[in-house]
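The values are calculated or read from the model by the stated rules, or taken from the named source; none is laboratory data. Keep in mind that this is a model prediction, so the values were computed, not measured. We place every Cβ from the backbone using ideal geometry, glycine too, and count neighbours over all the protein chains shown. Note: accessible area is taken over every heavy atom of the protein model, side chains too, but ligands, DNA and RNA are not part of it. Shrake-Rupley method; radii C 1.70, N 1.55, O 1.52, S 1.80 Å.
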Amino acid sequence: MRISFLHAFLIGLLSVLILAIYFPGLSGALYYDDYTNLDGLARVVDFPSALSFSLDGGAGPLGRPLALISFAVQAASWPDSPRDFLLVNLVIHVVNAGLLYFISFRVLTYMGIVPAARIPTVAFLGVLLWSVLPINVSATLIAIQRMTGLSAVFGLMGILSYLYCYRLYTKSSMSSFSVLVLQFGSLCLFVSLSIFVKESGALIPFYVLVLELTLLRSFGLRLPYYRTRIRLLSIGLLGLLIYLSPLNQNWFAINEYRGFSVWERVTTQWVVLIQYLKLTFFPAASAFSPFHDDVSIYKNTAGIVFAGLGLFAACIGAWFIRRKTVWPLFAVAWFFVGHLLESTSVLLELYFEHRNYLAVFGGCLALSYYAAMLPKRYERVGISLFAFYIVIAGFTCYVTNSIWGDAPRAAELWASENPRSTRAALHLATIDIQKMGGSASDAHMKIISAARRDKLVDLLDRTIAECPECIAVSMQALLYSCNIRSEAEVRVRFDNLVVNAAFGKSSISLVDGIFPLTQLISEGRCSSLALGDIQNLIEILKLNDGFSSQMYASRLYYLSAEVAYRRGYLDLAWQELGYAESIGIMAVPVLVFQVHLALEMNDFESAMKSIIRRAPFVNDTTSLNTLMLDQLKEIVEQARVDYSKGI
């Protein structure tokens with residue numbers, strides 16, 4: 001069998017198996033982060049709006065425009081056809097499996113220690129195991145996690161191009177220096193693309209460094225510029241380590257937004273990494289979910305020390321046996337490189353399964369190597385046992401996909417298994433509305449029947465009992481309670497919310513719930529509450545450190561202005577809008593409200609000044625653009641003319 005035909009057959013088989021296992025999951029739902037990051041798709045109707053959406057992302061420091069472009073192409077499917085988004089994600093997962101196969105094949109070939117006839121088998125089985133690990137399901141079945149998969153596509157293409165260039169050192173007329181430039185140039189190109197999909201693409205060169213220092217060290221030493229390659233890659237790693245280290249940030253200061261310090265996060269990650277490894281190689285289908293906002297800082301000192309020592313022992317052990325077998329060192333180093341950004345000192349949320357997407361591949365390939373390279377008398381046993389293990393992992397992955405693909409069943413399971421998760425509770429409420437006739441687009445805000453709301457309140461109360469500080473859930477339950485529960489009960493719910501607001505967990509869902517509550521009160525549909533109660537709640541939230549970041553604070557001041565305006569306190573509303581502007585000057589709703597309020601007070605100069613102050617921050621690819629400011633100026637001038645004429 002020719003090698004090219006064998007590759008095609010194995011890639012085809014790999015694709016069919018992945019598609020078959022993941023197919024049940026394609027009927028899954030959209031989740032919290034999907035709505036947060038992709039809601040702008042509803043406004044994508046043509047190329048300019050698609051470009052604006054793609055360049056105005058806030059998911060990461062670079063905006064992740066390449067990922068958003070891929071979503072903009074599918075704007076017509078938002079939000080009522082999650083399957084379309086998940087299908088593209090699945091195709092990306094298949095592509096990544098193919099790229100990892102060719103990378104594995106190339107690495108094993110260069111190593112020269114695996115018989116040529118066995119190389120396709122080792123590569124195929126290692127990649128197949130990685131492809132069906134249930135811990136990677138979230139990277140495919142959460143729409144927004146296309147960022148993880150697509151970033152990996154470009155990153156793996158960079159690794160493959162780097163490996164291919166090895167051949168040019170000996171089988172090309174190019175000078176060695178030209179090959180070196182091409183090798184690093186191609187790597188940098190694909191890494192750049194990967195980073196603009198998701199910032200974790202910056203780790204790709206360090207995966208290459210792991211290969212250079214472990215599996216390919218003997219091979220690389222025989223080629224020109226080995227030390228140069230190592231130095232170039234190591235400089236980047238050193239820069240990242242300095243960025244993550246205490247030299248760049250105070251590891252012991254409590255972050256107001258997250259509520260914990262860098263040191264607390266780092267020590268918690270020791271425990272989390274152990275949990276990741278357990279779920280990777282000993283998975284249970286019910287253990288995986290999209291919701292991990294209930295994971296908190298680990299306080300058990302003994303557990304932290306034990307986890308830290310376990311990880312340290314793995315590193316030391318792999319190092320000491322590297323001359324006998326380098327595979328454990330490769331697997332350990334590959335895993336840690338994969339977690340350098342998201343599981344160290346960067347103050348992200350504590351736990352997400354998709355962070356393991358590429359990180360666990362090293363262990364899969366190492367297991368495949370050992371299974372295939374046992375002594376001849378154990379060869380069949382090794383391959384058979386490893387194949388059986390892959391079948392178990394694949395079956396578990398299929399069951400996991402089946403759970404995720406049954407949205408109502410999954411929502412109930414996740415809310416039950418994660419009773420302290422605000423997001424799981426709100427997702428259950430959203431799915432329940434959709435199941436009873438609501439569409440995805442209006443599930444969060446739709447006015448539903450009293451019977452439905454009564455049931456949802458009972459569901460949300462289960463989470464509130466377990467997690468009083470989950471004030472976003474309390475807000476949702478309060479919204480549903482108005483007009484269906486007694487005035488006394490609604491009052492008690494609100495008073496409890498006010499008490500817990502001082503220390504409750506920050507959530508954009510809580511802030512977003514204030515406006516519909518204000519609407520209900522204004523319309524007389526929540527008669528036991530008054531607008532002054534909302535003003536009081538907002539003032540307490542302002543004192544909660546969890547709501548002190550720009551994202552929360554600007555919205556709170558805007559909402560405070562809205563409530564003050566409805567109460568007739570125009571001076572207070574103007575003052576609150578001024579605070580909102582100082583926190584987030586590019587927030588268009590704040591500007592529009594300022595202009596409206598100033599015109600209502602016939603203060604044309606203040607209205608115009610509000611517009612002029614935004615001029616230095618104009619960006620024509622965002623909603624705060626020149627056209628908008630010009631239109632607002634025209635409105636102010638026309639209002640000035642009308643006022644002078646007594647109109």
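Along the charge dipole of the chain, pointing to its positive end and built from +1/-1 on Cβ of Lys, Arg, Asp and Glu, which listed residue (Thr396, Leu14, Leu244) has its Cα farthest out? It is Leu14. Accessible area of Lys455 (1.4 Å probe, protein heavy atoms only, ligands and nucleic acids ignored): about 90 Å². The length gained by stretching the chain between Glu412 and Cys188 to full extension, at 0.36 nm per residue less their Cα-Cα distance, is 76.2 nm. P(r) tail for region 6-52: Cα pairs beyond 17 Å make up 63% of the total. Reported to the nearest whole Å, the Cα centre-to-centre distance from region 560-618 to region 519-548 is 20.
Taking a Cβ cut-off of under 14 Å around Pro48, the surrounding Lys, Arg, Asp and Glu residues balance to a net charge of -2, with basic ones at +1 and acidic ones at -1.
Based on the alpha-carbon gyration tensor of region 501-579 and its eigenvalue square roots a ≥ b ≥ c, which shape applies: rounded if a/c is under 1.5, prolate if not and a/b is larger than b/c, or oblate?
oblate
Each principal axis of the Cα cloud of region 302-425 was taken in turn, and the coordinate range along them, longest first, works out to 53, 37, 26 Å.
Summing Cβ point charges (Lys, Arg +1; Asp, Glu -1) relative to the Cα centre of region 319-406 gives a dipole of roughly 740 debye.
Classify region 70-120 as rounded, prolate or oblate from the Cα gyration tensor: take a ≥ b ≥ c as the square roots of its eigenvalues, call it rounded if a/c is under 1.5, otherwise prolate when a/b beats b/c and oblate if not.
Prolate, because a/c is 1.5 or more and a/b exceeds b/c.
Within region 59-81, name every residue whose backbone N is under 16 Å away from a label modeled 7 Å from Cα of Leu51 along the Cβ vector. Output list for this probe position: 65-66, 69-70, 72-73.
Pairs of C-alpha atoms in region 458-593 farther apart than 26 Å represent 20 percent of all such pairs.
Rounded to the nearest 20, the size of the Cβ-charge dipole of region 1-152 about its Cα centre is 700 debye, with Lys and Arg at +1 and Asp and Glu at -1.
For Lys299, a cut-off of 29 angstrom between C-alpha atoms picks up these lysines, skipping any fewer than 8 places away in its own chain: Lys278, Lys505, Lys542. One quarter of the convex hull surface built on the alpha carbon atoms of region 177-226 amounts to 3.5 nm², the projected area averaged over directions. Here the gap between Tyr643 and Met601, fully extended at 0.36 nm per residue and compared with their Cα-Cα distance, gives a gain of 14.0 nm. Calculate, for Leu374 and Arg231, the FRET efficiency according to 1/(1 + (r/R0)^6) with r their C-beta to C-beta distance and R0 45 Å; round to the nearest 0.05. Using R0 = 45 Å, I get an efficiency of 0.75. Here the Kirkwood formula puts the hydrodynamic radius of the chain at 27.4 Å, using every distinct Cα pair.
Let's test the formula: R0 of 41 Å, r as the Cβ-Cβ distance of Asp512 and Ala387. What FRET efficiency results, to the nearest 0.05? Intermediate results must be reported in sequence, preceding the final value.
Values: r = 50 Å, r/R0 = 1.21.
Taking R0 as 41 Å, the efficiency between Asp512 and Ala387 is 0.25.
The convex hull around the C-alpha trace of region 537-585, projected and averaged over every direction, spans 3.0 square nanometres.
Only protein heavy atoms count here; under a 1.4 Å probe, Phe288 has an accessible surface of about 0 Å². Which one, Gly646, Ala287, Val636, is farthest towards the positive end of the dipole of the chain when Lys and Arg carry +1 and Asp and Glu -1 on their Cβ? Positive-most Cα among the choices belongs to Ala287.
Ligands, DNA and RNA excluded, the heavy atoms of Ser384 present near 70 Å² of accessible surface to a 1.4 Å solvent probe.
Sorted from greatest to least, the principal axis extents spanned by the alpha carbons of region 83-214 come out as 49, 35, 23 Å.
Hey, what number do you get for the chain at 222 nm if only DSSP H runs of n ≥ 4 count, each worth -39500 (n - 2.57), divided across all residues, to the nearest 500?
Helix-only estimate at 222 nm: -22000 deg cm²/dmol.
Convex hull of alpha carbon positions in region 9-120: directionally averaged projected area 9.5 nm².
The angle between the Cα long axis of helix 570-583 and the longest principal axis of the Cα atoms of the chain comes to about 20 degrees, rounded to the nearest 10.
About its Cα centre, region 517-647 has a charge dipole of approximately 60 debye under the convention of +1 per Lys or Arg Cβ and -1 per Asp or Glu Cβ, with nothing else charged. Computed with a 1.4 Å probe over protein heavy atoms only, the accessible surface of region 506-647 comes to 47 Å² per residue.
Taking 0.36 nm per residue of sequence separation and removing the Cα-Cα distance, the Val592/Phe260 pair yields an extension gain of 115.9 nm.
Residues whose amide H lies under 5 Å from that of Ser261, counting only those 5 or more places away or on a different chain, are Asn255; hydrogens are built 1.01 Å from N in the peptide plane. Name the shape class, rounded, prolate or oblate, that the alpha-carbon gyration tensor gives for region 221-282, where a ≥ b ≥ c are the square roots of its eigenvalues, rounded holds for a/c under 1.5, and otherwise prolate holds if a/b is larger than b/c and oblate otherwise. Because a/c hits 1.5 or more and a/b fails to exceed b/c, region 221-282 counts as oblate.
Zone of Arg222 (label point 7 Å along Cα→Cβ, backbone N under 20 Å): which residues in region 98-142? Output list for this probe position: 103-120.
Here's the list of lysines a cross-link from Lys324 could span, going by alpha-carbon distance under 23 Å and ignoring same-chain residues fewer than 8 apart: Lys376. In region 551-647, the inverse of the mean reciprocal separation of distinct Cα atoms equals 13.6 Å; this is its Kirkwood hydrodynamic radius.
Principal-axis analysis of the Cα atoms of the chain puts helix 119-131 at an angle of about 20° to the longest axis. Lacking any other cysteine beta-carbon closer than 4.7 Å, the following Cys residues of the chain have no compatible partner: Cys165, Cys188, Cys315, Cys364, Cys397. So what's the angle, to the nearest 10 degrees on a 0 to 90 scale, between helix 588-600 and the longest Cα principal axis of the chain? Value to nearest ten degrees: 10. For Lys645, a cut-off of 18 angstrom between C-alpha atoms picks up these aspartates and glutamates, skipping any fewer than 8 places away in its own chain: Glu600, Asp603, Glu605, Glu634, Glu637. Computed packing ranks the peptides 604-616, 240-252, 91-103 as 91-103, 604-616, 240-252, most packed first, by mean other Cβ atoms within 10 Å.
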